[in-house]
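Note sheet for the following structure.
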Amino acid sequence: MDEKHPEEGNEQLPPVEESKGHYIRLKTFSFIMLVVLLILATAGLTVFALTFGDEKAVEVNSPERREFQKLYSAYDEIQTKYFEEVDGEELINGAINGMVDSLGDPYSDYMNEEEASQFLEGISSSFEGIGAEVQERNGFITIVSPIKNSPAEKAGIQPNDQVIAVDGESIQGFSTTEAVMLIRGEKGTEVTLTIKRGDMQEPMDVTIVRDEIPIETVYSEMIGDNVAHIQITSFSQDTFTELKEAISEMEEEGMQAMVIDVRQNPGGLLQSALEISNLFIEDGEEMFEVQARGLEPEIYLASEGNKVKIPVTLLIDGGSASASEILAGAMSESAGIKLIGEKTFGKGTVQTANDLADGSNLKFTTAKWLTPDGNWIHEEGIKPDIEVAYPEYASLPYLDATLELQDGTISEQVRTAEKMLEALGYEVGEVDGVFDEAMVTAVESFQESKELEVTGILTGDSIYVLMDELRAKIQADDPMLLEAKKLVMEEAGIEAAPPETDEEAEETEEDSAE
């Protein structure tokens, strides 16, 4: 039955030969047309996808991304052929670090998640460490300035000190962020920095106990004759508020003139520097300019608000950088305020910190800034109107309290100790690095005056007390501050109070005791 069904069907069809030939011609034509239409449709969809499609299509085919093929190839080669297993994330971080390093800009930096977290801590809250601003210069990590009252300052760390090793590990060639990660640590722990200072032939080890570093940035005091000394140690989120509070307190104490002090202030937030500059500059006057690549300078003008009306001077030195220099330039060129001290550091660029999706951060230079007169102070600094140098004893190296300096010792440490004692008024004979009889007598006199064990040997507590006494002298006999006070008193028409007699001093001490 089944075999007959085709035959029955054939009766209703045209002859086989005609039907077969006609059918084949139709199928070939239709197939060719279908193929052509499919090719055209595919080409059209591809062009549409490349032009208007998603980001992935652009990344794969766009000429702008072809430069990354070398990077992809290097990544794949290392991942598959390196003799040990490699962390892909570390390779990517290394590649980004390499791009940033190739800029040759010490102010541009890539920070992984942990490093970025520490960076944000440094400008918004307290942190644990030694309290010093550092920067990479010519392959060396260099101290910009220690933070006021920090462990670094108390240990004698100074601007321009080169840190060549941390806990015995060389950090030459490290980025700023990499060095900071080694130097910071938990409160109460120790870190040993190997320091090279100036023309010292041999580096010295300085052991510092880490502590919590509060971001308190303004310190104020009356320094006699109705003059206030207000020191700004950095420009962070709350600095402007702290400064206004300090000014109010000093006004209540009878302030008639003011010395603002940004010595050893490494900078900070641009917005904070502008808010503070606005206190001293009249409405509408220029504070500074920012110039990004290919754009016209953006000029920042002072706005309305409460202004400081009393005479002011500004103290600067080689540790005054970045935001401190913005303030100095604005006060000098737009308000005619005198600058006193030493030439500033010379940082005339602006950085932007960009948070990435994984919590890491890319901080790089996006513009340069100019003073109101259009000066770019980068690597040049700002010169003071009145130059006053620090005394030599203010820059003496740190003494190692673990050593025993005694009769017969010959070393650079002995020479440093001689200069310290001489600055404090003790007779040490010739300053030659030789611990001789005159030096023994000077040490014994010092120990006796400070109620220390009289041994004639400098070690341990004797060295610590010696450095504390020298630090106190530096603060009490500050030549820059004294010059600034003198100048601002002249501008304010303040006559110096007569020196206190011995009887008045005794009465003051009795009143204080009561």
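Modelled spin-label separation between L71 and K307, with each label point placed 7 Å from Cα along the Cα-to-Cβ direction: 5.0 nm.
Structure note, pairs K309/K485; K347/K383; K70/K363: Cα-Cα distances above 21 angstrom occur for K70/K363. Extension gain, E392 to R293: 0.36 nm times the residue separation minus the Cα-Cα distance gives 31.3 nm.
Distance between the modelled labels on Y107 and E453, one decimal in nanometres: 5.2 nm (7 Å Cα→Cβ projection).
Extension gain for N375-N354 works out to 4.8 nm (0.36 nm per residue, less the C-alpha to C-alpha distance). The simple spin-label model puts a point 7 Å past each Cα toward its Cβ; for E90 and T441 those points are separated by 6.3 nm. Shape call for region 151-255 from the C-alpha gyration tensor, a ≥ b ≥ c root eigenvalues: rounded (a/c under 1.5), prolate (a/b greater than b/c) or oblate? Since a/c reaches 1.5 and a/b is larger than b/c, the shape of region 151-255 is classed as prolate.
Read the figures in this text as sums done on the coordinates, not as results from a lab. Predicted model, so just to flag it, every value in this text is computed and none were measured. So basically every Cβ, Gly included, is an ideal-geometry build from the backbone, and we count neighbours across all protein chains shown.
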